Amino acid sequence: MDSALPENSRAMNEKNLKLVQQCLKQFDVTEKQLRQIQAAILQDMEQALSRQTDPSPTVQMLPTYVRSTPHGTEQGNFLVLELGTSGATLRVLWVTLRGTTGPRKEPVSWEFTIPTEITLGTGQQLFDFAAGCLVEFLDRLKVGSQPIQLGFNFSFPCHQTGLDQSTLISWTKGFRCSGVEGQDVVQLLREAIQRQGAYNIDVVAVVNDTVGTMMSCDPRPQACEIGLVVDTGTNACYMEEARHVGELGEDQGRVCVNVQWGSFGDSGALEPVQTPFDLQLDQESLNPGTQRFEKMVGGLYLGELVRLVLIHLAGQRALFGGVTSPALLTRGSVHIEHVMEIEDPSHGRARAQAVLQGLGLNPSAQDYEQVQQVCGAVSARAARLCAAALTAILARVKSNQERSHLGVAVATGGRVYEQHPRFSTILQQTVRLLAPDSDTTFVPSEDGGGWGVAVVTAVASRLALHRHHLEETLAPFRLDSEQLKAVQAEMREAMVRGLQGEDSTLPMLPTYVCATPDGTERGDFLALDLGGTNFRVLWVKVGSRSEGGVKITNQVFSIPESVTQGTGQQLFDHIVDCIVDFQKEHGLSGQTLPLGFTFSFPCKQVGLDQGILLSWTKGFKASDCEGQDVVSLLRAAIRRRQGVELNVVAIVNDTVGTMMSCGYEDPHCEVGLIVGTGTNACYMEELCNVSAVPGDKGRMCINMEWGAFGDDGLLKELCTPFDISVDKSSINPGKQRFEKLISGMYLGEIVRQILLHLTCLGVLFRGQVFQCLQTKDIFKTKFLSEIESDLQRRQVRAILEKLGLPVSCDDALMVREVCQAVSQRAAKLCGAGVAAVVEKIRENRGLEELSVAVGVDGTLYKLHPHFSDQVKDTVRHLAPRCSVRFLQSEDGSGKGAALVTAVACRLAGSTRP
Ligand code: G6P
Ligand code: BGC
Ligand code: BGC
């Protein structure tokens, strides 16, 4: 204290000093309080991540869709537009990324001041202003007409749903443009750029400034996992485990989360450390009650806080002799720059003089010192609060990494952090105090994050290119209503031609099943079920409903490929062996039960127990069978096996067996549908329409063998190169084209072909073509069901990793989209087929409306999570005058074969025809 001063003014100075210290004491936040704030922020973060709403957390934890820290491999020229980081300024940068080749090239950048009437005007004005600056910048840079990719550094709270989709939640930091909150700011910018019509600029990514700051860090030697900005506003982001981000529904990998800690305390958590100055500042702000944490830390507010304290102390006559000035009484007249100058360790005093005189004040020597103390108290509190928040993130990262000691790099940016003489020091000291077990490195970001935004843009454009390739590849699989109607109409015509024995790819085979069960059938029957995933032998007891109706004992037997692709004799001998084993197993040896044979291949039937195999399908290729009566082949095998007697009564197709099996429960079931290894349908046709069978009364079940539909090239338009490749590498190229677009034997292979194609394009698995992806049939169709039923994408990873493929989050996403496209096309084509059938029945019967049931079986239809619904939706859309119920067959078509046999026996007047 200046001992030269007269006694009374020294006493006055001491009194003033006390008043000032008393006042500034309010800005002291104790370590205990800092730890409480740290804990409260951490709790808020976890609640927000898991989307708890009661109590609703005040930090927002917004996923940014940035999934990895920079690889350092990104390349290209990128335009970056920065809006909102540093107050009412806008910056445009041209950034050249050189990947790992050569040193960083300094970006070219330009700063534009945004007029207040724009920051408080309409959204259109703001975005037109921004687009105008882009054009002005590019005009100067003479970049010519090349397509330009832009990364948008937009430093406000946004709810992102993708790297280029971002909805503004609320303005902060002095911005208040109308018509923007709740809007997608990328769209608004795209429209403004279009209105300029000058350059071909594609906005591929929107990034929060904290993310840009984090991504600006050179990943060598250690990538930054946290981004911290203290400028006009304040905020941070960090790499969080994706499984912790409820909104994403992912289980692996990481994602950068924009914490939006500026709004911490909006529900009162900061009251214990808030001063009347904070309350006043908030009430007079553009957004009272919100951004409470930011209003104690952000540069837009620190100057204002100092101003309010100075007015208060002047009011107590502790400063400036109690004399204020209009400038000092003007809101916003003290800026962060003033505070930083005043706190400058070497020139602060001189700067304080300049600033205070600039405000029209007449400060004393002591005033300078006390004003420096006021600035010091306000900014020190800001730095300590910021440190408390940062250590909450450190605690989160540490718990994610399950480490006792954390080593992490924090990228820092923003004028307050970078330029304030003491802010960063106080912050780092406080971090060491509050998080002694973290080894935190602070890495100043270069050029305020522009680089990082370019890196994110590079990643986004790579993803956008990948998305384009993916859409281009999958577009042919997305069949529209017109295409489906065309398939329905073509199938309808082919049905009529097939029934009339004219040239058609639909064989429309009479089955000699003219009646569905009427419930009076009785007896024990044997049934065989060949042609699906499993070969089964069944013992079917048909009793009255009171006796429990139909009881089934069945056994599954495998048929090795050596047999399915061996000789006919081997195949049928194998079948008889299984029957004998079954009979032994179930005490039926020596009994000659009527047998129904479900033989799920195209057979030209000339009677219920005579079926000439037209051609094998579904991977079967046993020799000497095609063109043969398979019942005779079975009987011959029985004869070859001494001491076995079997009475083969009927041969039915699995579609017929399924229709009969469901028809036993619901007499309206007049269509049978199989979508399994293969696909096919049958239905009850008017006998008068069946030229191959004499008679015109009554109905007969027709096995359509629709798998062969399109074998004449009719489906050429729909066939993609992947379908052609699958057909070519199948054992029956050129055959069963409709089946090869729909059924379980082929969908996995179609997906594999597409994944291979996308990998060769560099879209998947970083372009590495792994051996497994080149292995035929390695991608099972059941994988589609598993992958599409799993919202968490766990299955996708598990399956692909089991195949030996390294999977990124984006890979998992795209693989699932490929599966969805392939299965959806299959379901819709199947639906178009069913629509053709039910419409035929409706018109056959001259009905306005038809109500009919379809018996369905097959692994794909039954196990795929969405297939059945998509078939139903398509039928509803294409056959609106038919109300169609789909009955899933519980017992398979073996029961149906037994019932057909039972009906044949009933009609023959004995259980033994
Ligand atoms: C059931 C029926 C079989 C039919 C099969 C088709 O199992 O009983 O007759 O062939 O479904 O489905 P899948 O997926 O096995 O090929
Ligand atoms: C915004 C944040 C931004 C921070 C720093 C805050 O007002 O809400 O999105 O990151 O300022 O610029
Ligand atoms: C066969 C049909 C059978 C369908 C379903 C097709 O490959 O040709 O007879 O109904 O598969 O199993």
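Values in this text are rule-based calculations from the coordinates and carry no lab data. Treat the numbers as computed from the prediction; the structure is a model and nothing was measured. FYI the Cβ positions are ideal-geometry reconstructions off the backbone, even for glycines, and counts take in every protein chain you see.
Each residue of region 641-646 was assigned a 3J(HN,Hα) from its phi angle through the Karplus curve 6.51 cos²θ - 1.76 cosθ + 1.60 (θ = phi - 60°); the sequence is 8, 3, x, 10, 10, 9 Hz, with glycine and proline shown as x. Helix-only arithmetic for the chain: the sum of -39500 (n - 2.57) across DSSP H runs with n ≥ 4, divided by the residue total, places the mean residue ellipticity at 222 nm at -13500 deg cm²/dmol. Once the Kirkwood radius over Cα pairs is known for region 180-335, the Stokes-Einstein relation at 37 °C and 0.692 mPa s delivers a diffusion coefficient of 172 µm²/s. With each label modelled as a point 7 angstrom along the Cα→C-beta vector, the ASP202-ASP624 pair spans 6.2 nm.
Taking the fewest neighbouring Cβ atoms within 10 Å as the starting point, the ordered list for TRP706, TRP171 is TRP171, TRP706.
According to the square roots a ≥ b ≥ c of the eigenvalues of the Cα gyration tensor, what is the shape class of region 136-211, taking rounded for a/c under 1.5, prolate for a/b larger than b/c otherwise, and oblate for the remainder?
Since a/c reaches 1.5 and a/b is larger than b/c, the shape of region 136-211 is classed as prolate.
Mean separation of Cα pairs under 8 Å and 6 or more residues apart, divided by the residue count, gives region 266-436 a relative contact order of 20 percent. Its Cα centre serving as origin, the chain has a Cβ charge dipole (Lys and Arg +1, Asp and Glu -1) of approximately 900 debye. For the chain, the longest principal axis of the C-alpha atoms and the axis of helix 423-434 are separated by about 60°.
Tell me, what is the FRET efficiency for LEU17 and GLN357 to the nearest 0.05, using R0 = 25 angstrom and their Cβ-Cβ distance as r?
FRET efficiency, LEU17 to GLN357: 0.70.
Between helix 348-358 and the chain there is an angle of about 90 degrees, using the helix long axis and the longest principal axis of the Cα atoms.
Applying 0.36 nm per residue to the separation of GLU645 and GLN52 and subtracting their alpha-carbon distance, the gain on full extension is 206.5 nm.
Which lysines have a Cα lying under 18 Å from the Cα of LYS173, excluding residues fewer than 8 positions away in the same chain? Output for LYS173: LYS295. Scaled to the globular estimate 2.2 N^0.38 Å, the Cα spread of region 644-712, given as radius of gyration, is 1.27. Computed over the chain, relative contact order equals 11 percent, with contacts defined as Cα pairs under 8 Å that lie 6+ residues apart. Rounded, prolate or oblate, given the Cα gyration tensor of region 67-177, with a/c below 1.5 counting as rounded? Oblate is the answer for region 67-177, as a/c is 1.5 or above yet b/c matches or exceeds a/b. Nearest 0.05, what FRET efficiency do ASP696 and GLU493 give at R0 = 25 Å with Cβ-Cβ as r? The formula returns an efficiency of 0.70 here. Counting pairs of alpha carbon atoms under 8 Å apart in space and at least six apart in sequence, what relative contact order in percent does region 617-775 give? In percent, rounded to a whole number, it is 15.
Working note: Karplus 6.51/-1.76/1.60 with θ = phi - 60° gives region 248-258 the couplings 7, x, 10, 10, 9, x, 10, 9, 7, 10, 8 Hz, where Gly and Pro are set to x.
Rounded to the nearest 5, what % of the DSSP beta bridges within the chain are antiparallel ones? Around 60 percent antiparallel, to the nearest 5. Under 5 Å between amide hydrogens, built in the peptide plane, is the criterion, and for LEU764 it picks out THR759 among residues at least 5 positions away or on other chains. Between SER589 and GLN36, residue separation times 0.36 nm minus the direct Cα-Cα distance comes to 191.0 nm.
Rounded to the nearest 20 debye, the dipole size of region 1-155 about its Cα centre is 380 debye, using +1 on the Cβ of Lys and Arg and -1 on the Cβ of Asp and Glu. Among 639-648, 824-833, sorting by the average number of other beta carbon atoms lying within 10 angstrom of each residue, highest first, gives 824-833, 639-648.
Can you tell me the orientation of helix 450-474 relative to the chain, as the angle in degrees between its alpha-carbon axis and the longest Cα principal axis, to the nearest 10? Taking the Cα atoms of the chain, the angle to 450-474 is about 10 degrees. A DSSP coil position with no more than 12 other Cβ atoms inside 10 Å describes the following trypsin sites (Lys or Arg not before Pro) in region 26-96: ARG51.
Would you mind ranking LYS740, LYS840 so that the residue whose beta carbon has the fewest other beta carbons within 10 Å leads the list?
Listed from fewest to most nearby Cβ atoms, that is LYS840, LYS740.
Each residue of region 572-580 was assigned a 3J(HN,Hα) from its phi angle through the Karplus expression (A = 6.51, B = -1.76, C = 1.60, θ = phi - 60°), giving 6, 5, 4, 4, 5, 4, 4, 4, 4 Hz with x at Gly and Pro. Structural size metrics of the chain, computed from C-alpha coordinates, are Rg and Dmax of 38.6, 135 Å. Taking a ≥ b ≥ c as the square roots of the eigenvalues of the Cα gyration tensor, region 476-522 is oblate, since a/c reaches 1.5 or more and a/b is not larger than b/c.
Note on THR330/GLN768: beta-carbon distance plugged into 1/(1 + (r/R0)^6) with R0 of 56 Å gives a FRET efficiency of 0.35. Protection proxy ranking, highest mean first, for peptides 159-169, 848-858: 848-858, 159-169, where packing is the per-residue count of other beta-carbon atoms within 10 Å, averaged. Give me the net charge of TYR746's neighbourhood, meaning all other residues with Cβ under 15 Å from the Cβ of TYR746; Lys, Arg count +1, Asp, Glu -1. Its environment carries a net charge of +4.
Since only VAL374, GLN419, ASN287 are under comparison, the one whose Cα sits farthest along the positive direction of the charge dipole of region 266-436, derived from C-beta charges on Lys, Arg, Asp and Glu, is GLN419. Taking 7 Å steps out from each Cα toward its Cβ at SER178 and GLN222 produces label points 5.1 nm apart.
Annotation: amide H of LEU608 has no partner in the under-5 Å range at sequence separation 5 or more or interchain, hydrogens built in the peptide plane. For region 742-795, the set of trypsin sites (Lys or Arg not before Pro) satisfying both a DSSP loop assignment and a count of at most 11 other C-beta atoms within 10 Å is given as LYS776.
Pairs LYS872/LYS895; LYS782/LYS895; LYS740/LYS780: which exceed 19 Å Cα-Cα? LYS872/LYS895; LYS782/LYS895, as the Cα separations exceed 19 Å there.
A simple packing score, the average count of other Cβ atoms within 10 Å per residue, orders the peptides 273-283, 73-83, 652-662 as 652-662, 73-83, 273-283, with the highest score first.
Remark: region 266-436 projects, on average over all directions, an area of 10.8 nm² (convex hull of Cα atoms).
For GLY360, no residue 5 or more places off, or on another chain, has a built amide H under 5 Å of its own.
Counting Lys +1, Arg +1, Asp -1, Glu -1, what net charge surrounds SER267 among other residues with beta carbon under 11 Å of its beta carbon? Every neighbour counted, the sum reads -2. Computed extension length for VAL323-GLN401: 22.4 nm, one decimal, from 0.36 nm per residue of separation with the Cα-Cα distance subtracted. With Cβ to Cβ distances under 10 Å as the rule, what net charge do the other residues near VAL245 carry (K, R +1; D, E -1)? It works out to a net charge of -1. Please list, by residue number, everything in region 691-719 whose backbone N is under 15 Å from a paramagnetic label point 7 Å out along Cα→Cβ of GLU482. Flagged as within label range: 717-718.
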